[in-house]
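Have a look at the structure below, then the notes.
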Amino acid sequence: MGIIISIANQKGGVGKTSVCVNLGKTMSIQGKRCLFLDFDPQNNLGDTLAPELASMEGFANGEHPSNVFYMFSGIVEAQPYVVNEFIHVMGSSKKLASVTQDNMFDFADSLDKIKDNYDYIFIDCPPSVGALQHTALAVSERVLIVTQAEGQSIKGVDKLMNTQSQIKKRLNPELEVIGIVINLSVRPSPKNQAEKEAELRKDYPSLVFSNNLYKTVRVSEALETGLALTEYSPKHAEDFGFNAFADEFQTRLEAK
């Protein structure tokens, strides 16, 4: 049965999608079957992994079986788009913004029908609090929180930790935070970044990953080509922290 992992923060612009793509594709390179679910109506994840989806008939209005909105309809089984043997994708469109809390169980039922086909299922969450984020957390076993070492992003972490606690208590007792990864760090570390990172590590000492992810233009270049950073530039994947983070992520996942 696939392990369901939400990638989230309640603050946008922290690089959730790039972390989701790079982490999932790294797993797929290792021979793991991965399903990517785009829960953001902007379809950034879908556009990165399967850009051809958006132009397919019925996709924009949510009537295509590879649009994640389809999974909330409670009608028929979803059909993830096959990028290759190890990467399958459910993209999204603006129609997804109309989902309400009432659709949560239809989605869960739809996911139950296909999740055993995968080793890992990654959900790229929207930054806004609401039905989509709540649904993602309600069906997940793990949540990876992506943040920057700056004030508003850390406030988003605090809010998400509270949401996770409420979802765990009321809807999904299996939900655990696998960790908090600091993304888009710069070197040398400016004073404010260093102070905020220290604050975050003090507040969540066992959760913050020991390895940060550092800012590099190679990440956006890789995303534009649909490649993981490890494929596009192995040297940068090593130098900018991604390999160490991916190893730490897998260690934590296996320890749970």
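The values are calculated or read from the model by the stated rules, or taken from the named source; none is laboratory data. This is a predicted model, so every value here is computed, not measured. Positions of Cβ are backbone-derived with ideal geometry, glycine not excepted, and every protein chain shown enters the neighbour counts.
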Do any residues in the stretch 152-174 that are farther than 23 Å from Gly15 by Cα have Cβ atoms under 7 Å from those of residues that are in a loop (DSSP other than H, G, I, E, B), where the two are at least six apart or on different chains, and which pairs are they?
Ile167/Leu175; Lys168/Leu175; Glu174/Glu141
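Is at least one residue of the stretch 152-175 under 30 Å from Thr216 (Cα atoms) and either part of a strand (DSSP E or B) or among the basic types (Lys, Arg) (or both)?
Initial filter on the stretch 152-175 (under 30 Å from Thr216 (Cα atoms)): 152-161.
If we keep only those that are either part of a strand (DSSP E or B) or among the basic types (Lys, Arg) (or both) as well, we get 155, 159.
Yes, the stretch 152-175 contains a residue that is under 30 Å from Thr216 (Cα atoms) and either part of a strand (DSSP E or B) or among the basic types (Lys, Arg) (or both).
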Please name all residue pairs, on different chains or six or more residues apart, with Cβ atoms under 6 Å, provided the first residue is in the stretch 177-200 and is small (Gly, Ala, Ser) and the second residue is assigned to a loop (DSSP other than H, G, I, E, B) and at pLDDT below 95.
Ser185/Asn212
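Looking at Ser73, Ser140, Ser98, Ser110 in this structure, which one is touching a Leu at 6+ places or on another chain (Cβ under 7 Å) and of a type in the set (Ser, Thr, Tyr)? Even if it seems obvious, please write down each step before you answer.
On the way: Ser73 fails: touching a Leu at 6+ places or on another chain (Cβ under 7 Å); Ser98 fails: touching a Leu at 6+ places or on another chain (Cβ under 7 Å); Ser110 fails: touching a Leu at 6+ places or on another chain (Cβ under 7 Å).
Just a single option satisfies the conditions, and that option is Ser140.
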Complete set of residues in the stretch 20-56 that are among the hydrophobic types (A, V, I, L, M, F, W, C), over 23 Å from Lys95 (Cβ atoms) and modelled with pLDDT of 95 or more
Cys34
Looking at the stretch 91-150 only, could you name the residues that are part of a helix (DSSP H, G or I), touching a Cys at 6+ places or on another chain (Cβ under 9 Å) and of a type outside the set (Gly, Ala, Ser)?
Leu132, Gln133, Leu137
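Quick check on my filter: what residues within the stretch 177-229 are of a type in the set (Val, Ile, Thr) and under 14 Å from Phe245 (Cβ atoms)? Steps first, please.
To start, the set of residues in the stretch 177-229 that are of a type in the set (Val, Ile, Thr) comprises 177-178, 180-182, 186, 208, 216-217, 219, 225.
Of everything in the stretch 177-229, those that are of a type in the set (Val, Ile, Thr) and under 14 Å from Phe245 (Cβ atoms) turn out to be Ile178, Ile180, Val181, Ile182, Val208, Thr216, Val219.
Could you tell me whether Ala228 is surrounded by fewer than 18 Cβ atoms within 10 Å (Cβ to Cβ) and either of a type outside the set (Ser, Thr, Tyr) or touching a helix residue (DSSP H, G or I) at 6+ places or on another chain (Cβ under 7 Å) (or both)?
Details: surrounded by fewer than 18 Cβ atoms within 10 Å (Cβ to Cβ): no; either of a type outside the set (Ser, Thr, Tyr) or touching a helix residue (DSSP H, G or I) at 6+ places or on another chain (Cβ under 7 Å) (or both): yes.
Considered against the rule, which asks whether it is surrounded by fewer than 18 Cβ atoms within 10 Å (Cβ to Cβ) and either of a type outside the set (Ser, Thr, Tyr) or touching a helix residue (DSSP H, G or I) at 6+ places or on another chain (Cβ under 7 Å) (or both), Ala228 comes out as no.
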Condition met for Ala138 (at pLDDT 95 or above, in contact with a helix residue (DSSP H, G or I) (Cβ under 9 Å, 6 or more places away or on another chain) and over 18 Å from Leu23 (Cβ atoms))
yes
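Answer with yes or no whether Gln193 is farther than 25 Å from Leu137 by Cβ and crowded, with 18+ Cβ neighbours inside 10 Å. Write out each step before concluding.
Values: farther than 25 Å from Leu137 by Cβ: yes; crowded, with 18+ Cβ neighbours inside 10 Å: yes.
Spelling it out, Gln193 is indeed farther than 25 Å from Leu137 by Cβ and crowded, with 18+ Cβ neighbours inside 10 Å.
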Is at least one residue of the stretch 111-128 closer than 20 Å to Cys20 by Cα, within 18 Å of the chain's Cα centre (by Cα) and free of Cβ contacts under 8 Å to residues at least 60 places away in the same chain?
no
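Go through the stretch 1-90 and tell me which strands (runs of 3 or more DSSP E), entirely inside it, have 3 or more residues that are farther than 25 Å from Thr163 by Cβ and over 12 Å from the mean Cα position of the chain (by Cα). If you could, list the steps in order and put the result at the bottom.
Values: elements: 3-8, 34-38, 81-84, 87-90.
The qualifying strands (runs of 3 or more DSSP E) are 81-84, 87-90.
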Across the stretch 26-70, which residue is surrounded by the fewest Cβ atoms within 10 Å (Cβ to Cβ) among those that are within 22 Å of Glu224 (Cα to Cα) and small (Gly, Ala, Ser)?
Ser55
